[in-house]
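The values are calculated or read from the model by the stated rules, or taken from the named source; none is laboratory data. Keep in mind that what you see is a predicted model, and the values were worked out from it rather than measured. Positions of Cβ are generated from backbone atoms using ideal geometry, with glycine treated the same way; all protein chains shown enter the neighbour counts.
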Amino acid sequence: MPLALLFPGQGSQEVGMGRKLSASYPEAARIFQEADDTLGFSLSRIMWEGPEEQLVLTANAQPAILVHSVAVLRVVQNHLGPISMAAGHSLGEFTAHVAAGTMDFADALQAVRRRGELMLEAGKLRPGSMAALLSLDEEQVGVVCRAASTGDSIVVTANLNSPGQVVISGDEAAVERALPLAREAGARKALPLKVSGAFHSPLMDPAREGLRRQLAAVSFRRPAFPVVANVDGKPVDEPQRARDLLVEQLTAPVRWQDCVESMVAAGVDHFLELGPGSVLKGLNRRIARDVPTDSVGTSDEVEVLLRGAETAGAAGSASV
């Protein structure tokens with residue numbers, strides 16, 4: 001089956017993530033140790049023991065999710081058969097490029113750590129917030145955002161996650177103005193999100209140059225399979241283009257629905273979400289409900305996948 005890998009973004013972290021996985025699989029344990037050695041501090045301890053206030057900091061949460069996802073990948077990658085494409089939600093796009101061989105794990109880890117620091121700094125320079133709107137489409141959300149924005153206080157579309165699930169981002173006052181407007185426009189829910197900044201909006205512009213410099217020092221290679229970019233929902237297989245899109249992504253909306261629909265149009269008929277949680281599997285129920293999506297992040301889920309792969313191999317099947 002044409003298989004595509006999916007990698008989660010920030011928000012999927014939780015204290016204890018990956019601990020049992022590391023204890024159960026040497027391949028995973030090596031990734032956690034490499035992460036600690038690369039960063040120069042024990043990220044694994046924060047992941048496994050908390051406190052939660054430390055783990056949710058964007059400079060810790062982003063590398064933590066990447067590490068967990070890559071640890072799962074390293075355990076299962078030889079049991080998956082051919083991979084046709086990959087995509088990741090926001091920081092998960094970095095993980096997708098690690099999976100495709102576009103960039104090395106250590107380089108991606110340092111990049112997302114720096115990305116988190118830069119995003120936090122940008123959030124302090126110009127405080128912002130985000131909110132989730134349910135039951136409105138992209139055009140309706142655009143109308144709400146334009147109505148709520150003023151010359152010095154803006155709100156924009158940040159995440160187009162699935163039909164009827166859109167996230168907005170911007171200055172705190174503009175986001176507050178947008179919430180009642182969204183309800184008036186027919187939003188079933190308009191919920192503020194607990195974030196440290198206005199991610200995927202122009203308020204993140206101060207972070208762009210720092211991330212550009214960070215990635216300029218990283219070796220990018222042609223990926224083994226295309227990675228579908230958040231910015232435009234299109235597959236990327238050219239190294240410099242991949243680098244540019246990771247910078248552009250900071251201030252552009254995450255077009256996740258377009259990413260999934262692009263992969264389905266390319267012939268993908270099985271998705272596998274690797275990493276903590278199952279957010280992307282849930283979104284796929286609304287985007288591509290007829291295409292199977294499995295989530296593998298815990299040691300128990302890994303065991304089930306490996307057991308299934310062994311059974312399929314014994315039966316002479318290449319399917320996952």
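Taking the criterion of being touching a His at 6+ places or on another chain (Cβ under 7 Å), assigned by TED's automatic domain parsing to the domain that holds P223 and over 13 Å from I31 (Cα atoms), would at least one residue in the range 91-106 satisfy it?
Going through the range 91-106, the residues touching a His at 6+ places or on another chain (Cβ under 7 Å) turn out to be 103.
Checking which are assigned by TED's automatic domain parsing to the domain that holds P223 leaves us with 103.
Those left that are additionally over 13 Å from I31 (Cα atoms): 103.
Scanning the range 91-106 turns up at least one residue that is touching a His at 6+ places or on another chain (Cβ under 7 Å), assigned by TED's automatic domain parsing to the domain that holds P223 and over 13 Å from I31 (Cα atoms).
Considering only residues that are under 21 Å from A224 (Cβ atoms) and in contact (Cβ under 8 Å) with a residue 60 or more places away in the chain, which ones fall in the range 250-266?
Those that are under 21 Å from A224 (Cβ atoms) and in contact (Cβ under 8 Å) with a residue 60 or more places away in the chain: C259, V260, M263, A266.
Residues that are within 17 Å of A108 (Cβ to Cβ), over 16 Å from the mean Cα position of the chain (by Cα), crowded, with 19+ Cβ neighbours inside 10 Å and free of Cβ contacts under 8 Å to residues at least 60 places away in the same chain: does the range 216-238 have at least one?
Yes, the range 216-238 has at least one match.
Free of Cβ contacts under 8 Å to residues at least 24 places away in the same chain and either under 21 Å from L66 (Cα atoms) or assigned to a loop (DSSP other than H, G, I, E, B) (or both), is that true of E209?
Numbers: free of Cβ contacts under 8 Å to residues at least 24 places away in the same chain: yes; either under 21 Å from L66 (Cα atoms) or assigned to a loop (DSSP other than H, G, I, E, B) (or both): no.
For E209, the condition - free of Cβ contacts under 8 Å to residues at least 24 places away in the same chain and either under 21 Å from L66 (Cα atoms) or assigned to a loop (DSSP other than H, G, I, E, B) (or both) - is not met.
Which of (1) without any contact (Cβ under 8 Å) to a residue 12 or more places away in the chain; (2) buried (at least 22 other Cβ atoms within 10 Å of the Cβ) is the odd one out, the single condition Q54 does not satisfy?
For Q54, the exception is condition (2).
Could you tell me which of the residues A28, A61, A23, A35 is assigned to a helix (DSSP H, G or I), among the hydrophobic types (A, V, I, L, M, F, W, C) and more than 19 Å from V112 (Cβ to Cβ)?
Values: A28 fails: more than 19 Å from V112 (Cβ to Cβ); A61 fails: more than 19 Å from V112 (Cβ to Cβ); A35 fails: more than 19 Å from V112 (Cβ to Cβ).
Answer to the check: A23.
Given the conditions (1) closer than 22 Å to A229 by Cβ; (2) in contact (Cβ under 8 Å) with a residue 12 or more places away in the chain, report the number of the one that A190 does not fulfil.
(1)
Report yes if some residue within the range 79-88 is touching a helix residue (DSSP H, G or I) at 6+ places or on another chain (Cβ under 9 Å), of a type in the set (S, T, Y), without any contact (Cβ under 8 Å) to a residue 40 or more places away in the chain and surrounded by fewer than 21 Cβ atoms within 10 Å (Cβ to Cβ); otherwise report no. Break it down into steps so the answer makes sense when it comes.
Within the range 79-88, the first condition is being touching a helix residue (DSSP H, G or I) at 6+ places or on another chain (Cβ under 9 Å), and the residues that meet it are 79-81, 83-88.
Now drop any that are not of a type in the set (S, T, Y), which leaves 84.
Next, only the ones that are without any contact (Cβ under 8 Å) to a residue 40 or more places away in the chain stay: none.
No; the residues of the range 79-88 include none that is touching a helix residue (DSSP H, G or I) at 6+ places or on another chain (Cβ under 9 Å), of a type in the set (S, T, Y), without any contact (Cβ under 8 Å) to a residue 40 or more places away in the chain and surrounded by fewer than 21 Cβ atoms within 10 Å (Cβ to Cβ).
Suppose the filter is in a helix (DSSP H, G or I) and either polar (S, T, N, Q) or out of contact with any helix residue (DSSP H, G or I) (no Cβ under 6 Å at 6 or more places or on another chain) (or both); does V72 pass it? Break it down into steps so the answer makes sense when it comes.
Working: in a helix (DSSP H, G or I): yes; either polar (S, T, N, Q) or out of contact with any helix residue (DSSP H, G or I) (no Cβ under 6 Å at 6 or more places or on another chain) (or both): yes.
Answer is yes for this residue.
Being of a type outside the set (A, V, I, L, M, F, W, C), crowded, with 23+ Cβ neighbours inside 10 Å and either modelled with pLDDT of 95 or more or touching a helix residue (DSSP H, G or I) at 6+ places or on another chain (Cβ under 7 Å) (or both) narrows it down to one of G142, G170, so name that one.
On the way: G142 fails: crowded, with 23+ Cβ neighbours inside 10 Å.
Unique residue meeting the criteria: G170.
Considering each of Q10, Q110 in turn, give the residue that is modelled with pLDDT under 95 and closer than 28 Å to P206 by Cα. Spell out the reasoning first.
On the way: Q110 fails: modelled with pLDDT under 95.
Only one candidate qualifies: Q10.
If V175 passes every condition in (1) surrounded by fewer than 21 Cβ atoms within 10 Å (Cβ to Cβ); (2) modelled with pLDDT of 95 or more; (3) not hydroxyl-bearing (S, T, Y) but one, which one does it miss?
Failing condition for V175: (1).
Is it the case that some residue within the range 52-62 is farther than 25 Å from D258 by Cβ, in contact with a helix residue (DSSP H, G or I) (Cβ under 9 Å, 6 or more places away or on another chain) and of a type outside the set (A, V, I, L, M, F, W, C)?
yes
Which numbered condition trips up L181, out of (1) surrounded by 16 or more Cβ atoms within 10 Å (Cβ to Cβ); (2) under 20 Å from the mean Cα position of the chain (by Cα)?
(2)
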